[in-house]
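First up is the structure itself, then whatever we jot down about it.
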Amino acid sequence: MPESEAPESVSNARSIRSFVLRQGRATSSQKRAFDLHWQAYGLEFQGHPVDFGTVFPNAGELVLEIGFGNGEQLLFAAGNEPQRNFIGIEVHSPGVGRALNGIASAGLENVRLYRLDAVEVLAQDVADAALDEVRIYFPDPWHKKRHHKRRLVQAGFISLLCRKLKPGGLLHLASDWRPYVEHMWEVCDNEPLLLATGGPCNSVPRPAWRRQTHFENRGLKLGHGVWDLLYRRRKE
């Protein structure tokens, strides 16, 4: 399959987005962040595999976070794992602007951001076996049954992720919505290239590299559970 092509099941689903662009109101600081910091920390869509080794000043394992929100977890990870390089993908401009300001304020050189649909970035800009880890934390569960087709974690998308993960690479999912967790188990436990580190239909304690975000704390206050799912990409 040419590198620029996504799996058919992903390509056909591009008319069904896993997000809705409700941008909200960006602050003047968030808007200004693009003028001040995008050139240093932003990544433009290339449409072909990117050599990310040329993007960062230092070599290191490459970690991708999809849907980083306001960047709280992404900045935490970059500061606590300085030996690794991080790419964040988010479609909502206010969150990207806030993350840009946070990166610049902390002086982090191991973070770069896309403001784009993750599927497009993965399918075209990320080479096969380029990623050491993929993190997807609290994706929109799309609660209503008629909206389940919009969920990010679908068989075609997970198959695409497996292509982009190195053999032995890690996929880390987290959610506070039990029905979506069960859906994740069904999809990921049935992906031949993934091995659940905690066993099928099982979660693991929150790893130290994932902090409790404000979103998670809100869910806990509502009485939701929180589940972390870890999968290794099989080495075949």
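Among the residues making up region 70-97, those that are touching a residue at least 40 places away in the same chain (Cβ under 8 Å), more than 23 Å from residue 164 (Cα to Cα) and surrounded by fewer than 23 Cβ atoms within 10 Å (Cβ to Cβ) are 72, 76, 80, 92, 93, 94.
Of all residues assigned to region 45-57, none qualifies as being modelled with pLDDT under 95, among the small types (Gly, Ala, Ser) and touching a helix residue (DSSP H, G or I) at 6+ places or on another chain (Cβ under 7 Å).
The criterion of being acidic (Asp, Glu) and modelled with pLDDT under 50 holds for residue 5. If you go through region 34-84 and keep only what is under 19 Å from the mean Cα position of the chain (by Cα), among the small types (Gly, Ala, Ser) and in a loop (DSSP other than H, G, I, E, B), you end up with 47, 60, 67, 69, 71. Checking 198, 169 one by one, the residue that is at pLDDT below 95, of a type outside the set (Val, Ile, Thr) and touching a Leu at 6+ places or on another chain (Cβ under 8 Å) is 198 and no other. Please report, ordered by residue number, the strands (runs of 3 or more DSSP E) entirely within region 160-236 with at least 3 residues that are in contact (Cβ under 8 Å) with a residue 24 or more places away in the chain, surrounded by fewer than 20 Cβ atoms within 10 Å (Cβ to Cβ) and in contact with an Asp or Glu (Cβ under 9 Å, 6 or more places away or on another chain). Where strands (runs of 3 or more DSSP E) fall fully within region 160-236 and carry at least 3 residues being in contact (Cβ under 8 Å) with a residue 24 or more places away in the chain, surrounded by fewer than 20 Cβ atoms within 10 Å (Cβ to Cβ) and in contact with an Asp or Glu (Cβ under 9 Å, 6 or more places away or on another chain), they are 165-175.
For region 125-159, a residue qualifies if it is basic (Lys, Arg) and not in a helix (DSSP H, G or I), and the qualifying residues are 135, 144, 151.
Within region 102-113, being in a helix (DSSP H, G or I) and crowded, with 20+ Cβ neighbours inside 10 Å holds for 102, 103.
The values are calculated or read from the model by the stated rules, or taken from the named source; none is laboratory data. Small disclaimer: the values here were computed from a predicted structure and weren't measured. Backbone-built Cβ (ideal geometry, glycine too); neighbour counts: all protein chains shown.
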